[in-house]
1. Going by the structure shown, is Thr42 at pLDDT 95 or above and surrounded by 15 or more Cβ atoms within 10 Å (Cβ to Cβ)?
2. How many residues does the stretch 45-80 hold that are at pLDDT 90 or above, loosely packed, with under 15 Cβ neighbours inside 10 Å and small (Gly, Ala, Ser)?
3. Among the residues of the stretch 88-117, how many are assigned to a strand (DSSP E or B) and without any contact (Cβ under 8 Å) to a residue 60 or more places away in the chain?
4. Answer yes if at least one residue in the stretch 119-135 is farther than 19 Å from Gln63 by Cα, assigned by TED's automatic domain parsing to the domain that holds Leu68, of a type in the set (S, T, N, Q) and part of a strand (DSSP E or B), and no otherwise.
5. Could you count how many residues in the stretch 109-131 are touching a Gly at 6+ places or on another chain (Cβ under 8 Å) and surrounded by 16 or more Cβ atoms within 10 Å (Cβ to Cβ)?
6. Since Ala73 meets every condition but one in (1) assigned to a strand (DSSP E or B); (2) free of Cβ contacts under 8 Å to residues at least 24 places away in the same chain, which condition does it not meet?
Amino acid sequence: MDRASDGLAAHVVAGGCAALSVGIFGACAGPPPPAPSPVIVTTPTTVCVGDDYKTEIIVDGTQSTPTLTLVPAPFEAGLLTYAWTLTGSAYRITSGSLTTPKLTVEMAGTEPLQVALDLRAVGGGSLTTTATVAITLLNEAGVCPLTLPGCALAPLDASVCPDGSTCDAAASPCATTDAGDSGAGG
């Protein structure tokens, strides 16, 4: 017995979609929407163990694009929706939110902070990517070997900055902008 005689004949309709002729009509939705290209940039990428919320970490998704690409594109507001998930180390958000393209967080530094970005394009495509803010162990002297922003090669243990001020995370770190950096010694 062939399929046509038992009422289950398959028909190819416009667009190459198949429909069964048993009173059930399928619709062809076409190809899935294009996937966006999520990109996460964290600055810095690591903090010292026991950071205790001293270091501001910028979590930036603004290099993401509405279509999958390997070429960087300028940020275009409104074409993407962002959903951040942060797990691991305890953290607090100091600017932005879990739905903005960019946010700033501080973390306890007891363990790494895993960052996931679920990026959705207005056309319906979505893709998720992840990044990790790592933990750096203290050196043999029990000091964090990382430097503060603007503190050329000065560890967090109150070393002298190029401008003569003190790099001390508990107090006020030196030169967080390039404006006062003359490039002199350090």
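The values are calculated or read from the model by the stated rules, or taken from the named source; none is laboratory data. These numbers come from a predicted model, not from an experiment. No Cβ is skipped: glycine too gets one built from the backbone with ideal geometry, and neighbour counts run over all protein chains shown.
1. yes
2. 1
3. Total satisfying the criteria: 14.
4. The answer is no; no qualifying residue exists.
5. 5
6. (1)
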